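The values are calculated or read from the model by the stated rules, or taken from the named source; none is laboratory data. What you see is a predicted model, and the numbers here were worked out from it, not measured in a lab. Cβ placement follows ideal geometry from the backbone for every residue including glycine, while neighbour counts extend to all protein chains displayed.
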Amino acid sequence: MAKNDDTIPPMHFYGPTDAFGFGQLAEIWRTRELLYSFFLRDLLIRYRQVVVGILWVLLQPLMGMLIFMGLFFVLGTQAGNSTVASYAPVILTGMLCWQLVASSFRDATGSLVNYRHVVTKIYFPRLLLPLASLMCAVFDFVIGSLLLLPVCGITGTSIVWTTAWLAMPIALWLIVFCAGCIAWLSALNAHYRDVGYALPFVLQLGMFVSPVVYDIERLRALLTDRWVWLYEANPIATCIGLLRWSLLGTAPPSALGMATAAIVTLLICFSGLAWFQHADQQLADRI
Amino acid sequence: MSIESIHLDKVSKRFRLGAANEYGRLTEAIASGVQSLFRTSSKPVPKRSQDSFAERIEDGWFWALRDIELSIQSGDIVGIVGRNGAGKSTLLKILARIVTPTQGRVGVRGRVGSLLEVGTGFHPELTGRENVFLNGAILGMPRSEIRKRFDEIVAFAEIESFLETPVKRYSSGMAVRLAFAVAAHLEPDVLIIDEVLSVGDQAFQRKCLGKASQLGAQGRTVLVVSHNLAAVANLCRRAVLLRDGRLIADDVPERIIEQYLAEMRSGDGQRQWDDDDSSPCSKELRLRSISVTGNGTDTPASEVDIDQEIHVVVEYRVLIAETPVSVQIHVKDETGSFVFWSANAPSMNLEPDPWFGKPHPIGTYRSECCIPANFLNDTRYFVSVFLGPEVGVVAIRKDSVLSFVVHDTGAMRQEYTGSWLGPVIRPRLHWCTRTVQP
């Protein structure tokens with residue numbers, strides 16, 4: 001026997017240890033190096049095949065911003081309660097957040113299915129695959145955020161530095177919300193393929209349901225104060241609103257709205273974790 | 001001192017029949033969920049039969065494994081032997097944690113490296129170097145450790161000059177060499193190998209077997225599924241035999257292989273079911289016996305001469321009056337290749353079978369299929385039998401239930417004495433040469 005007693009790893013019994021799937025989190029922490037490897041792989045493949053490379057990350061939100069600015073300029077309306085110029089950073093924060101949501105949803109939904117030749121042949125915590133897709137989206141989000149500085153500079157908008165540091169935890173909120181959603185979506189797509197087909201449509205709708213290209217102020221005028229919290233229950237709407245408030249000093253979402261959004265986020269994350277563990281049990285048989 | 005490395009406690013696994021390649025639709029799942037709210041539940045009674053295949057089917061589910069109890073000590077090299085469909089691969093997948101057992105629990109000590117297919121976990125777009133790191137990470141290896149062993153892995157796989165080439169340009173031999181090198185060098189506590197070794201060339205196979213036994217000597221556990229019985233005998237110290245999803249024997253490899261081979265060539269040219277409880281049956285039909293006769297006699301024989309007609313005789317009882325019956329046989333060779341199939345339908349008969357497609361009164365019937373003399377080669381053949389109401393509808397199925405060997409009596413060896421070209425059949429055909437122009 002070449003192994004010493006002190007190096008003998010414990011016998012590990014498979015199967016769910018808890019109904020809520022919290023055990024998965026501990027396992028992800030143990031295998032964080034693999035998460036990093038998947039993230040690196042996704043990044044490498046993406047930028048190896050795309051000629052424009054990292055520029056693409058900057059170009060996408062910038063183009064989105066310019067298109068909507070042009071559109072509103074032509075239509076002669078304003079989507080915010082401000083001038084067209086100062087509207088640029090507002091729309092850019094919206095675009096950046098939306099890109100984070102849309103690209104993480106899109107990539108993560110297919111992540112298990114696209115990697116099924118490995119999923120059915122080798123074991124690792126499956127949650128790593130959608131999470132790696134999310135990390136790629138976060139990477140793009142961070143790079144894209146650098147655009148805010150020149151855009152604010154050009155349009156003469158001043159960033160509110162006293163509250164700007166809050167942008168970090170707010171972005172983290174949005175990322176956690178995305179993580180909960182992709183746990184749902186990726187495992188659902190492995191079991192039911194039509195989820196992947198429906199997603200582009202849902203995303204298109206979601207972009208206009210969330211205050212991506214307009215700001216919440218605009219809606220306040222339409223919805224009465226009694227109902228605006230329902231709109232803000234969408235964590236994407238609340239996060240975008242909060243980000244704009246912290247960076248640009250626009251009006252923050254209502255307290256009731258924020259509380260509802262926080263509850264929604266927690267519900268989605270916990271149910272996502274439990275659902276993913278449940279779906280994981282039959283993954284290799286069904287995928 | 002030995003430590004238990006793998007522990008299986010009454011492990012069973014079932015799959016949904018026919019759903020393997022179907023993806024559900026969420027919309028359908030929701031619709032059927034809503035429908036079931038309005039329907040009173042009427043569960044279909046599961047059909048049970050004593051047939052070994054049917055026994056594994058239950059209400060649309062197929063039991064791939066049933067109540068497997070197994071304990072393996074670290075340092076053991078264990079071979080898993082069994083026919084196709086016996087559950088070997090499912091067992092490995094459960095051990096590798098890819099598939100979750102339906103019942104029972106599985107315990108494994110330490111890191112598991114699995115090689116269930118060529119190039120598992122390789123991404124075609126990434127280079128060999130990047131894939132080593134990714135694959136190592138999937139196997140649970142810290143990057144620092146992979147870096148430490150990198151040169152060793154590359155040298156073992158013999159791919160030094162292709163390190164920066166994307167894996168999609170690798171040959172399958174190169175891919176499997178690299179995959180094995182990664183799996184074997186990253187010090188898994190348990191290494192699981194399923195048939196992948198059959199891909200590489202002879203020299204590399206020897207190298208792999210050497211590496212596997214070296215891992216065993218280091219106190220690591222190795223599990224091997226292979227159809228190469230010689231490799232199992234040489235490499236393993238212990239083997240288990242699976243049949244129909246159950247573990248039926250656990251012994252030294254020599255004895256297991258003996259038992260496996262005996263099972264493969266089961267019998268004396270006859271399978272009989274005397275009592276009604278054990279015989280394969282459906283609602284309408286009950287199989288009584290299957291036999292092979294040859295050598296010009298009516299006695300069942302598992303060894304027949306090449307120059308005699310071979311008769312496959314299927315005897316069955318019709319339990320319900322007016323049941324139409326069709327009998328079908330499949331003949332395969334030892335490698336599992338399909339040689340031919342035949343049914344008593346008119347299109348496959350020299351003269352129509354008087355009973356084909358006719359409603360049968362209750363009674364016992366005997367269908368006989370005659371394989372011409374001088375048609376099969378001198379090798380072993382396996383016969384599967386299917387009974388059903390019509391061709392293509394199977395009520396009773398017995399896979400490779402009988403085997404027989406055809407012996408060359410020298411009747412066809414008048415001019416040529418070497419081994420026969422073409423392994424499967426050796427028909428005598430009509431040849432004729434004529435003068436076209438003098």
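Within the range A:33-66, restricting attention to residues that are at pLDDT below 85 and of a type in the set (Phe, Trp, Tyr), the residue that is nearest to A:Cys97 (Cα to Cα) is A:Trp56.
Here the condition is being touching a residue at least 40 places away in the same chain (Cβ under 8 Å), among the basic types (Lys, Arg) and surrounded by fewer than 16 Cβ atoms within 10 Å (Cβ to Cβ); of B:Arg246, B:Arg237, it holds for B:Arg237 alone. Scoring B:Leu261 on the criteria (1) at pLDDT 80 or above; (2) among the hydrophobic types (A, V, I, L, M, F, W, C); (3) more than 30 Å from B:Ala395 (Cβ to Cβ) leaves a single failure, condition (1). Six or more apart or on different chains, Cβ under 7 Å: which pairs go from a residue in the range A:100-111 that's over 10 Å from A:Ala179 (Cα atoms) to one that's charged (D, E, K, R) and buried (at least 21 other Cβ atoms within 10 Å of the Cβ)? Could you list them? So the pair list comes out as A:Ser103/A:Asp140. Being of a type outside the set (D, E, K, R) and closer than 30 Å to B:Ile192 by Cβ: is that true of A:Leu166 here? For A:Leu166, the condition - of a type outside the set (D, E, K, R) and closer than 30 Å to B:Ile192 by Cβ - is not met.
If you check A:Leu172 against the conditions, is it in contact with a Leu (Cβ under 6 Å, 6 or more places away or on another chain) and within 30 Å of A:His278 (Cα to Cα)? So A:Leu172 does not fit the description; no. Is it true that some residue in the range A:77-91 is under 30 Å from A:Gln24 (Cα atoms) and among the β-branched types (Val, Ile, Thr)? Checked the range A:77-91: no residue is under 30 Å from A:Gln24 (Cα atoms) and among the β-branched types (Val, Ile, Thr). Tell me, please, whether a residue that is surrounded by fewer than 19 Cβ atoms within 10 Å (Cβ to Cβ), away from chain B (no Cβ under 14 Å) and modelled with pLDDT under 80 can be found in the range A:20-32. Among the residues of the range A:20-32, at least one is surrounded by fewer than 19 Cβ atoms within 10 Å (Cβ to Cβ), away from chain B (no Cβ under 14 Å) and modelled with pLDDT under 80, which makes the answer yes. Taking (1) closer than 14 Å to B:Val292 by Cα; (2) at pLDDT 80 or above in turn, B:Arg380 satisfies each apart from (2). Selection of the range A:244-269 for residues being more than 30 Å from A:Trp161 (Cβ to Cβ) and out of contact with any helix residue (DSSP H, G or I) (no Cβ under 8 Å at 6 or more places or on another chain) yields A:Ile263, A:Leu266, A:Leu267.
Taken over the range A:156-199, residues that are in contact with a helix residue (DSSP H, G or I) (Cβ under 8 Å, 6 or more places away or on another chain), of a type in the set (Val, Ile, Thr) and either within 13 Å of chain B (Cβ to nearest Cβ) or without any contact (Cβ under 8 Å) to a residue 60 or more places away in the chain (or both) amount to 1. Among the strands (runs of 3 or more DSSP E) confined to the range B:75-169, the ones with at least 2 residues that are in contact (Cβ under 8 Å) with a residue 24 or more places away in the chain, within 10 Å of chain A (Cβ to nearest Cβ) and not aromatic (Phe, Trp, Tyr) are located at B:103-109, B:112-115. Residues that are free of Cβ contacts under 8 Å to residues at least 12 places away in the same chain and more than 29 Å from the chain's Cα centre (by Cα) do not occur anywhere in the range B:331-345.
Could you check, for the range B:348-358, whether at least one of its residues is polar (S, T, N, Q) and under 29 Å from the mean Cα position of the chain (by Cα)? No, every residue in the range B:348-358 fails to be polar (S, T, N, Q) and under 29 Å from the mean Cα position of the chain (by Cα). Condition (residue is outside any loop (DSSP other than H, G, I, E, B), on the phi < 0 side of the Ramachandran plot and either in contact with a His (Cβ under 9 Å, 6 or more places away or on another chain) or hydroxyl-bearing (Ser, Thr, Tyr) (or both)) applied to the range B:171-193: is it met by at least one residue? Yes; the residues of the range B:171-193 include at least one that is outside any loop (DSSP other than H, G, I, E, B), on the phi < 0 side of the Ramachandran plot and either in contact with a His (Cβ under 9 Å, 6 or more places away or on another chain) or hydroxyl-bearing (Ser, Thr, Tyr) (or both).
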